[in-house]
Amino acid sequence: MSPRLKVLTKQISDCKICASHFEHTPKPIFQLNTQAKILVAGQAPGRKAHASGIPFSDPSGDRLRDWMGVTNETFYDAKKIALLPMGFCYPGHGSAGDLPPRKECAKAWRQQTLDAMPNIQLTLVIGQYAIEWHLAALRKSNLTETVRAWKLYAPAVIPLPHPSPRNNIWLRKNQWFEEEVLPSLRKRVRKCLSK
């Protein structure tokens, strides 16, 4: 890990900029290394990740690893895969599920962290908040249309729906995702990790 990223990692780990918005103690959860080839740009840690300190340590993570075609060992190898959510801390729970990631987090840390990881070849942009930040004006009118247009962003970026079980209905309605996107995603992941 580069000295620059070591400093950033320490600063992010100690970050408390959103503390006044939480009912719990902030606990930034991420995985970074300058050698990483793949970046998983997620939303924010969930309740289980907050408790364990391990990102994607839940059914969403199981599904994401299946989509990518990687083992737990590969997924949690920071020299291969970086895990950089839009919000580093669990945002809390609202009436319709987890609250959105706090915007202060991306504003404070995102660009300088991305700049410190020069070897990223593939970014998996997961869910509407990550899509909004990473694709900005290039995104389509909604998440479904953005994911459907994945070839426009490949090979450097692949937008994905959130792998949460809450999206089972979306996945059933959009079978093209499993038929078209996932085989190409797995192939691209294999290519990046084989270099």
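Tally time: how many residues in the stretch 78-109 are within 18 Å of LEU32 (Cβ to Cβ) and touching a strand residue (DSSP E or B) at 6+ places or on another chain (Cβ under 9 Å)?
Within the stretch 78-109, residues that are within 18 Å of LEU32 (Cβ to Cβ) and touching a strand residue (DSSP E or B) at 6+ places or on another chain (Cβ under 9 Å) number 8.
Identify the residue in the stretch 11-27 that is assigned to a helix (DSSP H, G or I) and among the hydroxyl-bearing types (Ser, Thr, Tyr) and, among all such residues, is nearest to ALA49 (Cα to Cα). Show your work before the answer.
Start the filter on the stretch 11-27 by keeping residues that are assigned to a helix (DSSP H, G or I), which leaves 11-13, 19-21.
Now drop any that are not among the hydroxyl-bearing types (Ser, Thr, Tyr), which leaves 13, 20.
Numbers: SER13: 15, SER20: 20 Å.
Ranking the qualifying residues of the stretch 11-27, first place goes to SER13.
Mind telling me which of the residues LYS191, LYS173, LYS195 ends up being at pLDDT below 95 and over 19 Å from the mean Cα position of the chain (by Cα)?
Exactly one residue qualifies, and that residue is LYS195.
Mind checking whether some residue in the stretch 1-12 is closer than 25 Å to ARG166 by Cα and either at pLDDT below 95 or of a type in the set (D, E, K, R) (or both)? Explain how you work it out, then say what you get.
The first filter runs over the stretch 1-12 and keeps only residues closer than 25 Å to ARG166 by Cα, leaving none.
No, every residue in the stretch 1-12 fails to be closer than 25 Å to ARG166 by Cα and either at pLDDT below 95 or of a type in the set (D, E, K, R) (or both).
When ILE38 is evaluated against the numbered criteria (1) of a type in the set (A, V, I, L, M, F, W, C); (2) more than 21 Å from CYS89 (Cβ to Cβ); (3) over 17 Å from the mean Cα position of the chain (by Cα), which criterion, by number, is the only one it fails?
(3)
Can you say whether GLY53 is without any contact (Cβ under 8 Å) to a residue 60 or more places away in the chain, in contact with an Asp or Glu (Cβ under 9 Å, 6 or more places away or on another chain) and not hydrophobic (A, V, I, L, M, F, W, C), as far as the supplied structure shows?
Criteria not met by GLY53.
Can you spot a residue in the stretch 66-84 that is in contact (Cβ under 8 Å) with a residue 24 or more places away in the chain, touching a helix residue (DSSP H, G or I) at 6+ places or on another chain (Cβ under 8 Å) and farther than 28 Å from GLU178 by Cα?
The answer is no, given that none of the residues of the stretch 66-84 is in contact (Cβ under 8 Å) with a residue 24 or more places away in the chain, touching a helix residue (DSSP H, G or I) at 6+ places or on another chain (Cβ under 8 Å) and farther than 28 Å from GLU178 by Cα.
Determine whether GLU145 is free of Cβ contacts under 8 Å to residues at least 12 places away in the same chain, closer than 19 Å to SER52 by Cβ and part of a helix (DSSP H, G or I).
It is false that GLU145 is free of Cβ contacts under 8 Å to residues at least 12 places away in the same chain, closer than 19 Å to SER52 by Cβ and part of a helix (DSSP H, G or I).
Under the condition of being modelled with pLDDT of 95 or more and basic (Lys, Arg), which residue from the stretch 83-142 is surrounded by the most Cβ atoms within 10 Å (Cβ to Cβ)?
Top of the filtered list is ARG139.
Which ranges mark the helices (runs of 4 or more DSSP H) fully within the stretch 34-89 that have 2 or more residues being closer than 14 Å to HIS162 by Cβ?
Numbers: elements: 47-52, 59-68, 72-75.
Filter on the stretch 34-89 gives 59-68.
Among the residues of the stretch 149-175, count how many are outside any loop (DSSP other than H, G, I, E, B) and out of contact with any helix residue (DSSP H, G or I) (no Cβ under 7 Å at 6 or more places or on another chain).
Counting residues in the stretch 149-175 that are outside any loop (DSSP other than H, G, I, E, B) and out of contact with any helix residue (DSSP H, G or I) (no Cβ under 7 Å at 6 or more places or on another chain) gives 10.
Are there any pairs, at least 6 apart or on different chains, whose C-beta atoms fall under 9 Å, with the first in the stretch 94-119 and over 25 Å from SER60 (Cα atoms) and the second of a type in the set (Lys, Arg) and surrounded by 17 or more Cβ atoms within 10 Å (Cβ to Cβ), and if so, which?
Final answer for the pair search is ASN119/LYS37.
Can you name the condition, by its number, that TRP109 falls short on among (1) within 14 Å of the chain's Cα centre (by Cα); (2) outside any loop (DSSP other than H, G, I, E, B); (3) of a type in the set (A, V, I, L, M, F, W, C)?
(1)
Filtering the stretch 114-170 down to residues that are among the acidic types (Asp, Glu) and closer than 29 Å to LEU5 by Cβ, which residue is nearest to the chain's Cα centre (by Cα)?
Step one: of the stretch 114-170, the residues among the acidic types (Asp, Glu) are 115, 132, 145.
Okay, now just the ones that are also closer than 29 Å to LEU5 by Cβ, so 115, 132.
Details: ASP115: 16, GLU132: 13 Å.
Here the residue is GLU132.
The values are calculated or read from the model by the stated rules, or taken from the named source; none is laboratory data. Being a predicted model, the structure only gives us computed values, none of them experimental. Ideal geometry is used to build each Cβ from the backbone, glycine not excepted, and the neighbour counts take in all protein chains shown.
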